[in-house]
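Undergrad: The following block contains the structure, expressed as C-alpha cells.
Where a number appears in this text, it was derived from the coordinates with a stated rule and is not lab data. These numbers come from a predicted model, not from an experiment. Heads up, the Cβs are rebuilt from the backbone with ideal geometry, glycines too, and the neighbour counts pull from every protein chain shown.
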Amino acid sequence: MAAVAIVHQTQSTLPHAESKPPELFLREIPNRERVLTLDKTVRSWKNISMDRLGNIRQDPDLFPKDRETVESYKDLLGMFNMFEDNGTNKRIQILQDSSERIQGVCTFTINRESLYINQLFTAPWNLKMHAANDEEYAGYTKRGVGTILLANCYKIAQERRLKRLDLKPLDGSLTYYTDVIKMKEDEEEKTLFYTVTDIGLPKGLQTQLDRA
C-alpha cells in the first residue's frame with residue numbers, strides 16, 4: 001500500500017515503519033478551518049469531474065456509466081455543504097499528497113457507541129471512469145484514497161472502544177461495500193456497518209488497504 005503518515009494539527013508526524021518517504025498524509029482539521037480549506041476545493045472538484053466527461057457532451061450515448069458517476073459525485077459534493085460544524089463530536093479529515101494536494105475528504109460523527117461516516121469522497125481525478133483525466137490532472141491520481149480514510153475511521157472507533165462503524169452508501173457503491181470489503185447491511189437503519197473489534201481491521205478492508 002502507499003506509505004501514509006498521520007499529521008496532527010501541530011504538524012508533527014508519527015513514526016512510520018516503512019523506510020520510504022510517505023506518499024500520503026492524513027490530517028485532521030478543525031471545523032473552523034473548513035470554509036478556508038475545503039469549500040473552495042469542493043467547488044473546483046465539481047468542475048473537474050464535469051471536464052472528464054469530454055466527448056460525452058458531443059455524444060450523449062457514449063460512456064453512460066461515466067455520466068452517472070459524475071452526476072452521483074456532484075450530488076455527493078453538494079451534500080458536503082450540509083455538514084454542520086457546530087458540534088464537538090463532528091470531525092473532518094483530509095488526505096493530502098506530498099504536494100499538499102487534497103486527495104480525499106472524510107467527515108464523521110462520533111456518538112456514544114458508534115462512529116458514523118457522513119461523507120467520504122475522493123478527488124475527481126481518482127474516480128474510476130472510462131473517460132481519461134485531462135492532461136493537467138493525469139499525474140495527480142492516487143489509488144485507495146477512500147479505503148485509507150475508511151480504515152482510519154475504523155481505527156479511531158477501535159481507540160475509542162466504540163461498538164460500530166456505520167455509513168450510508170451512495171447509489172452504485174453498494175456492491176463494493178458489501179461484496180468487496182464485506183460490510184453488513186442494517187435494514188432497519190438503512191446503513192452498512194462493521195462491528196468494531198480490537199483485532200486489527202476487518203479482513204475485506206485490510207485486503208483492499210494492502211492493494212492501495
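Undergrad: Please list, ordered by first then second residue, the pairs with beta carbon atoms under 7 Å, 6 or more apart or interchain, first in the stretch 186-212 and touching a residue at least 12 places away in the same chain (Cβ under 8 Å) and over 13 Å from Cys153 (Cα atoms), second aromatic (Phe, Trp, Tyr) and not in a strand (DSSP E or B).
TA: Going by the 7 Å Cβ cut-off, the qualifying pairs are Leu192/Tyr177.
Undergrad: If a residue counts only when it is of a type in the set (Lys, Arg), which strands (runs of 3 or more DSSP E) contained entirely in the stretch 136-212 have at least 1 such residues? Spell out the reasoning first.
TA: Details: elements: 164-167, 184-186, 191-195.
Because the criterion is at least 1 residues that are of a type in the set (Lys, Arg), the strands (runs of 3 or more DSSP E) in the stretch 136-212 that meet it are 164-167, 184-186.
Undergrad: Continuing with this model, one more query. From Ile102, Ile117, grab the single residue that is buried (at least 17 other Cβ atoms within 10 Å of the Cβ), of a type in the set (A, V, I, L, M) and in contact with a Phe, Trp or Tyr (Cβ under 6 Å, 6 or more places away or on another chain).
TA: The unique qualifying residue is Ile117.
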